[in-house]
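I have placed the structure first, in the form of structure tokens, so that the comments after it can refer back to it.
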Amino acid sequence: MRNQLFKSLLISGLREKETIFWILLFPLILFTIMVLIFSNMTGEDLNFKMAVIDHSGDGMGSTIIHQVFEDISTTENPEDDPLYSIIDVKNKDQALVLLKEQHIDVIVEIPENFNQNFNKVVFFSKISSISTDNKPTIIVESVPMRNLSKLASDVMKQILAEVNLEAAKRMNISIPDATISTEMVGQTQDFNYADYFLAGILIMGFFSTGFLNMGINMTYFRRKGIFKRFACTPIKKSKLISATILSNLVFMVMSFVILLIYAKLFYHVTWAIFYPESILFILISAILSLSFGIFLGSVSKTPNGASGLANILFFPMQFLGGLYFPVFDLSPAVRWFVYINPITYLAAGMRQSMGLMDAPLPYYTLFLIPILWTAVLLLISVKIFKWDGGEIA
Amino acid sequence: MSKKILEVKNLKKYYPTVKAVDDISFSIEKGTVFTLLGPNGAGKTTTLEIIEGIKKADEGRIVFFGEELKQVSDEAKQKIGVSLQSTNFIPHLKVKEVFELFASFFKKSLPIEEVIGFVSLEEKRNDLVEKLSGGQKQRVAIGCALINDPEMVFLDEPTTGLDPQARRNIWGIIEHLKGQGKTVFLTTHYMEEAQKLSDMVCIMDYGKIIAIDTPSGHIKKLGELNYVEFAADLEQLDIDELNAWDVEEVEIEGDKVIIPTKSLHIVLEKLLSWAKRKELDLNDISIRQPNLEDVFLSLTGRRLRD
């Protein structure tokens, strides 16, 4: 019977549809959306659709270009999508229609005189200079306002630049070989957007529970006289608070477990979230979110007021706290908010501890700033919190 | 010999703009129904909440169960049951779960089913509280106040806003409690309720106690007054003419004329012949005994409902 209040609060929360949606389901939806959007935007599983219009006929230049296109439109593993898929078109007009209607992302056009000019370059480049008009040109057409189209065009230009280099080398034009090597900086494992968002959405879920749900509920309980009614019974204030906190912690654990299982099953996230330091950041996130909730419950007079204030605070906190995208290179106009925002440190700390991305901040600040925020919020709350303008004896 | 269960002495609670409780003293005997009667804003709820331990008094003494307390202790809270003016519970709990929750707060509690039966909510035990009617919610609130089998029950305006049937149900519960020998501290602004249920009625106005007595004691103080009431076309009436008879001050309430008098026969004869002479129709004519509403009027110069 001792835990009856905790049990009642838990039952109450589980029977509330809004709680179930915002705390348990919404993080899954947001996680899915973010991973789908951002993984597609950055090359993971990218597949551009390209139309090739060749006016040049047979020739060495066009043969090389077609060989390149064949290479980039096939994969070793038949299950993988190639970088480019070549879409057959009858003529340029049809290709333009398809581009405008977003059925394709880019058009590559090989002009009529391409092979002629290519041959001139190959045979006469060493004995005379080639005029601009006679250079072999490939036309790449895209829709700049469409991100995918612009990206397809940029990548294509890079590929063609590589082709130029290769051709120059074959013509014995002296161009030094450039060796490109890749190295992971601030990363100890392969970058995976699902892992990146897992940390962010996890913190968002905690704040939805501790900050919004608990803060608004505390205001509701006071406003509706529920705290006042409890004050007429022998229950201690400390038990009341601990049951409230404990029930919200259970919701956080549920939110965490459901999100983790989902992310593991469908997005194959790593177990990095269970590194000891990651767990420490999870605990700090939980405590800080509850502190925000207690603060909200202290300063708000009505549930509507609490809801409004929570949204005003939490909206910029989550978007300028690095939960969904990097924030340290934002414009100076908002950077001050990034640096005072405790979520910035939690998100950065969590990702650093998971080996995803090093924060451009001293490591100790990642712990210290959220802990300072927690202390300040609790101190203010203790000073101003009211059960009903009265006191529990 | 009667035993005092609660004594309140010189209790004060002042707010910046109002003296909510202004130096009041009273005592309650065990096994009685004690009612604070007064209009909204009289200070009834503030008085009750100070005694219940929700609010702190600025000054005054409270002797509860023979022990002087600055504020109600946890030990004292084990012996009291409270139903507040506004009835709200943790949302989405069933009736039975609400009782289980409140039972967990006390060292001893009655069986849940017994309490459910006492407040006649057997069929609603598995319903969510927010789905209940106002009267049913109020019964849940009273059930919560009774869950610890308290010696004293505080009921703050338990029938406000309820329909007549629901109100009578609550009255039945209070009479039952009285029958069990429980002490009930009731606040209300319904004079009929106070008159029907109370052993003692304490009339409050503007934070002060203006009279304490039994309901019949209050009424007796009005003397042998009777009230002749009738409805008439007020434009044809000359009140001064009526006041010239052997009556207390004649009162108009809506289209109703109320004539308080100690000389009922004489006034009735005069009234009928006066109406005949004036060719006035006297509708809904009735004679009634005085009630607590009349007591309040005679003490304050205004009606409780004003």
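We did not get these values from a lab; they are worked out from the coordinates using the rules stated. Nothing here was measured: the structure is a model prediction, and the numbers come from that model. Please note: Cβ atoms are built from the backbone with ideal geometry, for glycine as well, and neighbour counts cover all protein chains shown.
Provide the FRET efficiency to the nearest 0.05 for the residue A:336-residue A:358 pair, computing r from the beta carbons and using R0 = 22 Å. Working shown, then result.
Numbers: r = 22 Å, r/R0 = 1.00.
After rounding, the FRET efficiency stands at 0.50.
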Can you tell which of B:194, B:245, B:225 lies farthest toward the positive end of the dipole of chain B, using +1 and -1 charges on the Cβ of basic and acidic side chains (Lys, Arg; Asp, Glu)?
B:194
Suppose R0 equals 51 Å. What FRET efficiency, 1/(1 + (r/R0)^6) with r the Cβ-Cβ distance, do residue A:264 and residue A:90 give to the nearest 0.05?
0.60
Among DSSP bridges having both ends in the protein assembly as shown, what percentage is antiparallel? Round to the nearest 5.
60
Against the longest alpha carbon principal axis of chain B, how many degrees, from 0 to 90 and to the nearest 10, is the axis of helix B:134-146 turned?
50
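Near residue B:9, within a Cβ-to-Cβ distance under 13 Å, what is the net charge of the other residues, with Lys and Arg +1 and Asp and Glu -1?
Numbers: positive: B:4, B:12, B:61, B:70; negative: B:7, B:23, B:59, B:68.
Local charge sum for residue B:9: 0.
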Normalised by the residues of chain B, what does the relative contact order come to in percent, with Cα pairs under 8 Å and at least six apart?
19
Name the residue, out of A:225, A:59, A:297, whose mean-square fluctuation peaks in a Gaussian network model built on chain A with Cα pairs under 10 Å.
A:59
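With n ≥ 4 as the cut-off for DSSP H runs, can you work out [θ] at 222 nm for chain B, using -39500 (n - 2.57) per run divided by the number of residues, rounded to the nearest 500? Provide the component values of the computation, followed by the final result.
Details: 11 runs with 101 residues, N = 306.
Calculated mean residue ellipticity at 222 nm is -9500 deg cm²/dmol.
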If each of residue B:75 and residue B:63 carries a label point 7 Å out from its Cα toward its Cβ, how far apart are those two points in nm?
1.7
Excluding residues fewer than 8 places away in the same chain, name every one of the aspartates and glutamates whose C-alpha is closer than 12 Å to that of residue A:301.
A:388
Round to the nearest 0.05 the FRET efficiency obtained for residue A:97 and residue A:160 when R0 = 22 Å and r is the Cβ-Cβ distance.
0.35
In the range B:201-234, whose amide N lies under 12 Å from the spot 7 Å out along Cα-to-Cβ of residue B:278? List them in ranges.
B:230-234
Mind checking which helices in chain A clear 27 Å along their axis (Cα) and have mean Kyte-Doolittle hydropathy of -0.5 or more, DSSP H runs only?
A:147-170, A:237-267, A:276-299, A:363-384
Amide H contacts of residue B:186 (H built 1.01 Å from N, under 5 Å, at least 5 apart or other chain)
B:34, B:35, B:36, B:155
